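Note sheet for the following structure.
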Amino acid sequence: MRSLAIGILFGLTALSANAASLRPIVVTSGDFKMYEEPFQQPNVGCDLFEALSIKAFDKNTFGLAKLERTLDGYCKIGYNPNPRSYFLTAKPAGCGSVKYEGIRKNSETGELDTVDIIDHRGRLCKDLVPAKIIVKESLAGQGYKWFSYSPIRK
């Protein structure tokens, strides 16, 4: 009887994972603070982070990602905001997660910059991921990686 219950449990888990693959893949909007380390806490006095804004359009089949270095708090330090935008396409990343891919021409170098955004907000698997949103960006040949902390409240 116990093995039957375990078999049913595994079967239901497989069905839910398969059901996730049958859902349409869409871009989901949101605003996030992105940090260089997973689980990094914001600094209340001086918080330097990448602001990520994802906006869906065309019935959520395409999107636009905007990234910009941002400073919150009472500190006075110099920084380069370096705003950039990518048009996004979405594809499945497994377990209900979605991968957004974008490309743009770098206005300073003429090279192609790329961004891969993994969105785990709809994740069905019970494994631990380091953040709900993970960004990998290549700017002028340099690689960067950021992890979301929490949605930006406006």
Q.
Tell me whether segment 25-151 comes out rounded, prolate or oblate; compute the Cα gyration tensor, take square roots of the eigenvalues as a ≥ b ≥ c, and use a/c under 1.5 as the rounded threshold.
A. oblate
Q | Environment charge of D119, counting only residues whose C-beta is closer than 12 Å and scoring Lys/Arg +1, Asp/Glu -1 | A | +3
Q: Within 10 Å, count the other beta carbons around each residue, average over each peptide in 36-44, 49-57, 86-94, 126-134, and list them highest first.
A: 49-57, 86-94, 126-134, 36-44
Q.
Let me check I've understood the local charge: for P83, count other residues with C-beta under 10 angstrom from its C-beta, Lys and Arg +1, Asp and Glu -1. What total comes out?
A. +2
Q | segment 25-151: Lys pairs at Cα distance under 19 angstrom, eight or more positions apart or on different chains | A | 29
Q. Quick one: Karplus J couplings for segment 126-139, per residue in order, coefficients 6.51, -1.76, 1.60, θ = phi - 60°, nearest Hz, x for Gly and Pro?
A. 8, 6, 8, 10, x, 6, 5, 10, 10, 10, 10, 10, 10, 10
Q. Going highest first, how would you order 58-65, 137-144 by mean Cβ packing within 10 Å?
A. 58-65, 137-144
Q. Magnitude of the Cβ-charge dipole of segment 34-138, K/R +1 and D/E -1, about the Cα centre, nearest 20 debye?
A. 420 debye
**Q.** Value of relative contact order over segment 25-151, rounded to a whole percent, pairs C-alpha under 8 Å and six or more apart
**A.** 24 percent
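Read-outs throughout are calculated quantities, based only on the coordinates presented, and are distinct from any laboratory measurement. This structure is a prediction, so every number in the text was calculated from the model and none was measured. Here the Cβ is made from the backbone with ideal geometry for all residues, glycine too, and neighbour counts use every protein chain on show.
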